[in-house]
Amino acid sequence: MDDVIVRVVETCVSHPSQWDAWTAGGRYLFLHYRRGFGTVEQHPDSDPDSWTAEAWETGLSRTVKEWNDGTDESTMTLTDFLTAAGLRLAPDADVSRR
């Protein structure tokens, strides 16, 4: 997996913590953390309408990483999420909120 994130958009500023992210290799990743569960999903693009059953069946959409940290928390900083997911933020990454 391409693990360097070059662009991140925070899509929820409350609960749960979630972001749209793009890697240096051009992959789109959906980052989500809720009730102690973190997931990194790869999808064709950031439009949830493209995350179809066919995309999952053909591997265009897939779960890249998931974990349970044993808490019931629903918020996490981007830095902590990326560390837990084994991802790195590029030094010149574009980080914003929707």
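The values are calculated or read from the model by the stated rules, or taken from the named source; none is laboratory data. Please read these numbers as outputs of a predicted model, since none were measured by experiment. Cβ placement follows ideal geometry from the backbone for every residue including glycine, while neighbour counts extend to all protein chains displayed.
Considered as a group, the residues in region 16-64 that are in contact with a helix residue (DSSP H, G or I) (Cβ under 8 Å, 6 or more places away or on another chain) and of a type in the set (Gly, Ala, Ser) include one that is farthest from ARG88 (Cα to Cα), and that residue is SER61. Looking at ASP80, ASP47, just one residue is farther than 20 Å from TYR28 by Cβ and among the charged types (D, E, K, R), and that residue is ASP80. Name, by its number, the condition in (1) surrounded by 14 or more Cβ atoms within 10 Å (Cβ to Cβ); (2) in contact (Cβ under 8 Å) with a residue 60 or more places away in the chain that does not hold for HIS15. Checking HIS15 against (1) surrounded by 14 or more Cβ atoms within 10 Å (Cβ to Cβ); (2) in contact (Cβ under 8 Å) with a residue 60 or more places away in the chain, the one that fails is (1). The sole residue among LEU60, LEU89 that is outside any loop (DSSP other than H, G, I, E, B) and touching a residue at least 12 places away in the same chain (Cβ under 8 Å) is LEU89. ASP49 falls short on exactly one of the conditions (1) assigned to a helix (DSSP H, G or I); (2) surrounded by 14 or more Cβ atoms within 10 Å (Cβ to Cβ), and that condition is (2). Annotation: of all residues in region 18-49 being at pLDDT 95 or above and polar (S, T, N, Q), the one that is farthest from the chain's Cα centre (by Cα) is THR23. Applying the set (1) part of a helix (DSSP H, G or I); (2) buried (at least 16 other Cβ atoms within 10 Å of the Cβ) to TYR33 leaves exactly one unmet item: (1).
Inspect region 30-52 for any residue being among the small types (Gly, Ala, Ser), without any contact (Cβ under 8 Å) to a residue 24 or more places away in the chain and out of contact with any Cys (no Cβ under 7 Å at 6 or more places or on another chain) and give the result as yes or no. Looking through region 30-52, at least one residue is among the small types (Gly, Ala, Ser), without any contact (Cβ under 8 Å) to a residue 24 or more places away in the chain and out of contact with any Cys (no Cβ under 7 Å at 6 or more places or on another chain).
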